[in-house]
Amino acid sequence: MVPMVRLNDGHEMPTVGLGTYPMGDVEASHAVLTALQNGYRLIDTATRYGNETGVGQAIRESGVPREEIFLTTKLPGADQGYESTVESFEAARQRLDVEYVDLYLIHWPLPRVDHYVESFEAMLRLQEDGLIRSVGVSNFAAEHLRRVIDGTGVVPVVNQIELHPAFNQAMMREVNADLGIVTQAWSPLGRGTDLLDHPTVTAIADAHGVTAAQVILRWEVQLGAVPIPKSGDADRQAANLDIFGFSLTDEEMTAVMAMESGRIGGDPDSHEEF
Ligand SMILES: NC(=O)c1ccc[n+]([C@@H]2O[C@H](COP(=O)([O-])OP(=O)(O)OC[C@H]3O[C@@H](n4cnc5c(N)ncnc54)[C@H](OP(=O)(O)O)[C@@H]3O)[C@@H](O)[C@H]2O)c1
């Protein structure tokens, strides 16, 4: 059983989830089905990924009661704005074929367009209507968080940001924690980079008799973050969830922190996602 974290609105969320980018509908439906069978209860998708139909199918096929599953999707940049957020969410909900979504995130802030505060206001209305349980953001820097909170009086429950040993996000983890926001880690394994072969990680893995991926995901959980590793492989999915039977020492945590080398994804101040 994966431990849960309580969000600032009182809802609970699993502390590890399954990422679904860049899977299409067919691949995502297989991966989400095996993940749910393997014990995953947090599934991360986005309208931008184009796989909400497949994710929804797997949820229904799994037989796992809907209320046991924590389902996240995200508002694409092209649909930011008050009415367009409401319409975009409803289309996503139809594709997922669910009554409600557990967590809806603004995918990127897009400060140049500057519609994220009104998009968040629309999400709060959808929450009042019972269609969204929790409202959050993704890729928000401190200034973006401050404007949303000042503009609406509501603190997002989650800020999903790039986080892995090469980009440990010390400052944003502190900003989020001070505000009572849970940090979710995207690309937690450093998607496509060689973090899993790094000698620091493999030495710690050998010492604990676990895999490199398990070391990295455990490090993120001990930092207080919620990793959402993507895997289409049932065995790797199971291993990625099996990280609650060992702990990293303070020295091992520090050694992984020293792997910092910079982000692999976009900068929230300038990244254009539509
Ligand atoms: N909010 C955002 O802007 C944003 C941005 C990027 C990603 N995300 C979310 O975060 C999720 C995770 O990030 P990501 O997919 O970019 O990268 P990731 O989870 O760091 O890495 C995924 C890659 O690692 C491989 N892998 C998974 N488990 C493994 C293991 N135990 N051993 C070896 N290789 C393993 C996967 O291959 P196999 O499938 O073959 O196992 C895949 O190639 C995404 O799927 C998406 O849901 C959000």
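The values are calculated or read from the model by the stated rules, or taken from the named source; none is laboratory data. Bear in mind the structure is a predicted one, so any value in this text is a computation, not a measurement. Methodologically, a virtual Cβ is constructed for each residue, glycine included, from the backbone with ideal geometry; neighbour enumeration extends over all protein chains shown. Quick note on the areas: whole protein, heavy atoms, side chains included, nothing else; ligands and nucleic acids left out. Shrake-Rupley method; radii C 1.70, N 1.55, O 1.52, S 1.80 Å.
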- request: Using only the Cα atoms of region 1-60, each taken as one equal point scatterer with no solvent, compute I(q) by the Debye sum, divide by I(0), and report log10 of the ratio at q = 0.19 Å⁻¹.
  value: -0.68
message: I'd like the antiparallel share, as a percent to the nearest 5, of DSSP beta bridges with both residues in region 101-217.
response: 10
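Could you sort D206, D233, D102 by their accessible area in this structure, using a 1.4 Å probe and putting the largest first? Present the calculation step by step, with values, prior to reporting the outcome.
On the way: D206 125, D233 50, D102 15 Å².
These residues rank, largest area first, as D206, D233, D102.
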message: I'd like the antiparallel share, as a percent to the nearest 5, of DSSP beta bridges with both residues in the chain.
response: 15
message: With n ≥ 4 as the cut-off for DSSP H runs, can you work out [θ] at 222 nm for the chain, using -39500 (n - 2.57) per run divided by the number of residues, rounded to the nearest 500?
response: -12000 deg cm²/dmol
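Loop only per DSSP, at most 16 neighbouring Cβ atoms within 10 Å: give me the trypsin sites (Lys or Arg not before Pro) in region 188-274, ordered by residue number. Each step should come with its number before you reach the end.
Values: sites: R191, R218, K230, R236, R263; in loops: R191, R263.
Of the trypsin sites (Lys or Arg not before Pro), the ones in loops of region 188-274 whose Cβ has at most 16 other Cβ atoms within 10 Å are R263.
Indicate, rounded to the nearest 5 percent, the antiparallel portion of the DSSP beta bridges found entirely in region 157-274. It would help to have the intermediate numbers written out before the result.
Values: 1 of 8 bridges.
Taking every DSSP beta bridge within region 157-274, about 10 percent pair in antiparallel fashion.
Let me check against my output: what whole-number percent is the relative contact order of the chain, with C-alpha pairs under 8 Å and at least 6 apart?
So the answer I get is 20 percent.
Report, to the nearest whole %, how much of the accessible area of the chain belongs to carbon and sulfur atoms, 1.4 Å probe, protein only. Walk me through the numbers before you get to the answer.
Details: 5480 of 11240 Å².
Ligands and nucleic acids excluded, carbon and sulfur give 49 percent.
From the Cα gyration tensor of region 191-267, with a ≥ b ≥ c the square roots of its eigenvalues, which class applies: rounded if a/c is under 1.5, or else prolate if a/b is larger than b/c, or else oblate? The partial results should precede the final answer.
Values: a/c = 1.40, a/b = 1.01, b/c = 1.38.
Rounded is the answer for region 191-267, as its axis ratio a/c remains below 1.5.
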- prompt: What is the P(r) of region 120-274, as percent of Cα-Cα pairs per 5 Å bin from 0?
  reply: 2, 9, 17, 19, 18, 14, 10, 7, 3, 1, 0
query: If amide H atoms are built 1.01 Å from N in the plane of the peptide, which residues on other chains or at least 5 residues away come under 5 Å of the amide H of V5?
result: M13, T15
query: For M123, M253, what's the largest-to-smallest order of accessible area, 1.4 Å probe?
result: M253, M123
message: So with the 1.4 Å probe, I'd like the accessible area per residue for the chain, rounded to whole Å².
response: 41
- prompt: Given the C-alpha centroids of region 130-181 and region 24-77, what is the distance between them in whole angstrom?
  reply: 23
message: I need the phi-derived Karplus couplings for region 156-164: 6.51 cos²θ - 1.76 cosθ + 1.60, θ = phi - 60°, integer Hz, Gly and Pro marked x.
response: x, 7, 9, 10, 8, 9, 4, 7, 6
task: Quick one: which residues, 5+ away or cross-chain, put their amide H under 5 Å from the amide H of L42? H built at 1.01 Å from N.
output: L18, F70
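Is region 1-104 best put as rounded, prolate or oblate by its Cα gyration tensor, with a ≥ b ≥ c the root eigenvalues, rounded for a/c under 1.5, and otherwise prolate when a/b is larger than b/c, oblate when not?
oblate
Across the chain, how large is the tail of the calculated P(r) beyond 23 Å, expressed as a percent of all Cα pairs? Don't skip to the answer; put the middle values down first.
Values: 18684 of 37401 pairs.
Cα-Cα pairs of the chain separated by over 23 Å account for 50 percent.
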task: Give a residue-ordered list of calculated ³J(HN,Hα) values for region 125-137 (Karplus: 6.51 cos²θ - 1.76 cosθ + 1.60, θ = phi - 60°; whole Hz; x for Gly, Pro).
output: 5, 5, 5, 4, 6, x, 8, 10, 7, 9, 10, x, 9
Hz values of 3J(HN,Hα) by residue in region 106-112 - Karplus curve (6.51, -1.76, 1.60), Gly and Pro given as x: 6, 5, 9, x, 6, x, 5
query: Taking the Cα centre of region 99-257 as the origin and placing charges on Cβ (Lys, Arg +1; Asp, Glu -1), which of M253, W186, L241 is farthest toward the positive end of the dipole?
result: W186
- request: Could you order Y104, Y49 by accessible surface area, starting with the largest, using a probe radius of 1.4 Å?
  value: Y49, Y104
field: Rg to Rh quotient for region 129-219, alpha carbon positions, Kirkwood Rh
entry: 1.10
